[in-house]
Amino acid sequence: MTAALETRIAAEIAARREALIALTQDLIRIPTLNPPGRNYRAICDYLAARLEAAGFTVELIRAEGALGDSDVHPRWNLVARTEGTRPGDCVHFNSHHDVVEVGHGWSRDPFGAEIEDGRIYGRGACDMKGGLAASVIAAEAFLAACPDFAGAIEISATADEESGGFGGVAYLAEQGRFDPERVQHVIIPEPLHKDRICLGHRGVWWAEIETKGRIAHGSMPFLGDCAVRHMGAVLAEMEATLFPLLATRRTEMPVVPEGAKQSTLNINAIHGGAAEPDDDYTGLPAPCVPDRCRITIDRRYLIEEDLSEVKREVTGMLERIKTARPSFDYEIRDLFDVRPTMTDRDAPIVRTTAAAIEKVLGREAAFVVSPGTYDQKHIDRIGRLKNCIAYGPGVLDLAHQPDEWVGIADMEDSARVMALVLAELLAA
Ligand SMILES: [Zn+2]
């Protein structure tokens, strides 16, 4: 890349500061809440108009029949592509357009996109409408600075990342849209911070464990068998043996934050006995011995661990309890799993982005791995594309929090980094 092109790109990004702010605000003001998956079509239509004006060919793709798709809440995705003047690589920016529920504790309108002290506030500001806006501005700035480029640029806005991505990137990957013959470089502008490159994520295994009991009158518990007490034994065994064991396992992956450099397990939920009464129910509960109790576990595992071993560890623990505890019976059901993934530090997208970060910020890029998964899992496994990273503005810790915000200067810097990546890979 020539110094002249670098200067032109910096100027084009600077000239788009107001456009970047307005775009981010517009995106935040479309409340794409997931669940249940609201306004997906509206945000795709908005982006379609924007990107068509910038010269992209736009397709809106509904993930018909995918997990979560329905006529009431259809799973709409957008894929936009613009071709250069000659053959070359395709650089793809993938952002999810859904946001999580608002939750409590906001001091501002979660969909108002208010600006204060250089920050834009709102649900999805950081995760990840700020990143989506930065990638659109980066592409527009690059196209203005370098209309004669090789290859292609793609921008996608996809559904349901927050609920697994099956109606979004997984669906597109199944349609061949991330095949290495079609797309060679992928950046996912998740909020990992403007000076960090996220190479991948730990693995996940979700399962449901159910303990069995027998219902009886609560005044004569000896006539039944309490499933909640059996689950108590499971939890006690986890505390005594499993959690301490997981804490000893450390990974070589650069996972952040520090606490996630080990294997972890969360108990997402516990349900047992009588169902919780409705809010308007004013009576007392009925006395029954619970005949079943369920927990959902969320086990995050390391690239050094093996999924079948991870599962055996839990079933082995349950079997041990079974031999020691009279009438203990259980069932375990797999819900979901994702293998860990980590892009090579020498991969072209990693090296190019690291160099661009150094140019824009004047310091070396940091390499991180995410504690949780994101859509890279589908690009990696279904799309078979390994040259993929997450890179975008925003502070990861703010994601899903009340008063979520994204910094305007951070968005500008990352947009410049992304535009320089385009220049390096496509302007040759
Ligand atoms: Zn996200």
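When you count, for each residue, the other Cβ atoms within 10 Å and take the mean per peptide, how do 297-306, 149-158, 90-99 rank with the highest first?
Numbers: 297-306: 19.3, 149-158: 23.9, 90-99: 27.3.
Per-residue Cβ counts within 10 Å, averaged per peptide and sorted highest first, yield 90-99, 149-158, 297-306.
Would you kindly give the portion of the calculated P(r) for the range 197-290 that falls above 18 Å, as a percent of all Cα pairs? Intermediate results must be reported in sequence, preceding the final value.
Working: 2773 of 4371 pairs.
So the pairs more than 18 Å apart make up 63 percent of the total in the range 197-290.
What 222 nm value per residue comes from the helices of the chain, counting each DSSP H run with n ≥ 4 as -39,500 (n - 2.57) and dividing by all residues, nearest 500 deg cm²/dmol? Each step should come with its number before you reach the end.
On the way: 11 runs with 134 residues, N = 428.
One gets -10000 deg cm²/dmol as the mean residue ellipticity at 222 nm.
Over all Cα pairs of the range 198-243, how is the pair count split among 10 Å bins, expressed in % and running from 0 up to the last occupied bin?
Percent of Cα pairs in each bin: 22, 33, 24, 13, 6, 3.
When the expected Rg is taken as 2.2 N^0.38 Å, what fraction or multiple of it is the alpha-carbon Rg of the range 22-87? It would help to have the intermediate numbers written out before the result.
Values: Rg = 13.7 Å, N = 66, 2.2 N^0.38 = 10.8 Å.
Dividing the Cα Rg of the range 22-87 by 2.2 N^0.38 Å gives 1.26.
Full-extension gain between Thr2 and Ala42, please, as 0.36 nm times their residue separation minus the C-alpha to C-alpha distance. Write down the numbers at each step before the final one.
Values: separation 40, 0.36 × 40 = 14.40 nm, distance 3.98 nm.
Full extension of this stretch gives 10.4 nm more.
For the chain, report the translational diffusion coefficient in µm²/s to the nearest whole number, using Stokes-Einstein at 37 °C, 0.692 mPa s, and a Kirkwood Rh over Cα pairs.
Numbers: Rh = 23.2 Å.
Diffusion coefficient, whole number: 141 µm²/s.
Return a whole-number percent for the relative contact order of the range 46-179, with Cα pairs under 8 Å and 6 or more residues apart as the contact set. All intermediate terms of the calculation are to be shown ahead of the outcome.
Details: 212 pairs, mean separation 45.1, N = 134.
Relative CO of the range 46-179 lands at 34 percent.
How much space per residue, in cubic angstrom, does the convex hull of the C-alpha atoms of the range 1-130 take up? Please report the intermediate quantities before stating the final value.
Numbers: hull volume 18.3 nm³, N = 130.
That works out to 141 Å³ per residue.
With N set to the residue count of the range 270-346, report its C-alpha Rg divided by 2.2 N^0.38 Å to two decimal places. Mind showing how you got there, number by number?
Details: Rg = 19.0 Å, N = 77, 2.2 N^0.38 = 11.5 Å.
Dividing the Cα radius of gyration by 2.2 N^0.38 Å gives 1.66.
With viscosity set to 0.890 mPa s and temperature to 25 °C, compute the Stokes-Einstein D of the range 309-361, Rh being the Kirkwood radius across alpha carbon pairs; µm²/s, no decimals.
On the way: Rh = 15.6 Å.
Taking Rh from Cα pairs, D becomes 157 µm²/s.
To make sure I understand the rule: partners must be lysines, Cα under 18 Å from the Cα of Lys377, and not fewer than 8 residues away in the same chain. Which ones qualify?
The reachable lysines, counting only those whose Cα sits under 18 Å from Lys377, are Lys386.
What is the percent of Cα-Cα separations in the range 240-392 that go past 28 Å?
On the way: 4995 of 11628 pairs.
Result for the distance tail: 43 percent.
Averaged over all directions, how much area does the convex hull of the C-alpha atoms of the range 40-195 cover when projected, in nm²?
Working: hull surface 42.3 nm².
Over all viewing directions, the range 40-195 projects a mean Cα-hull area of 10.6 nm².
In terms of modelled amide H atoms, which long-range or inter-chain residues lie less than 5 Å from the amide H of Ser370?
Leu199, Gly200, His201, Arg202
For the chain, what is the relative contact order in percent, using Cα pairs closer than 8 Å and at least 6 residues apart in sequence?
Numbers: 964 pairs, mean separation 109.5, N = 428.
With pairs under 8 Å counted, the relative contact order is 26 percent.
Given the C-alpha centroids of the range 228-295 and the range 188-210, what is the distance between them in whole angstrom?
The distance from the Cα centre of the range 228-295 to that of the range 188-210 comes to 22 Å.
Exactly which GluC sites (Glu not before Pro) in the range 342-428 are in a DSSP loop and have at most 16 other Cβ atoms within 10 Å?
Values: sites: Glu358, Glu364, Glu404, Glu412, Glu424; in loops: Glu364, Glu404.
Those that pass, being in a loop and sparsely packed, are Glu364.
Can you pull the Rg over Rh of the range 327-428, Cα-only, Kirkwood?
Numbers: Rg = 18.0 Å, Rh = 16.3 Å.
Across the range 327-428, the Cα-based Rg/Rh ratio is 1.11.
Looking at the range 91-131, which trypsin sites (Lys or Arg not before Pro) are in a loop (DSSP not H, G, I, E or B) and have at most 11 other Cβ atoms within 10 Å? Spell out each step's value before the answer.
Values: sites: Arg108, Arg119, Arg123, Lys129; in loops: Arg108, Arg123.
Filter output for the range 91-131: empty list.
Each reported figure results from applying straightforward, stated rules to the coordinates on display, with no laboratory input. Not measured: the values here are computed from a predicted model. For neighbour counting, all protein chains shown are included, and Cβ atoms are generated from backbone atoms with ideal geometry for every residue, glycine included.
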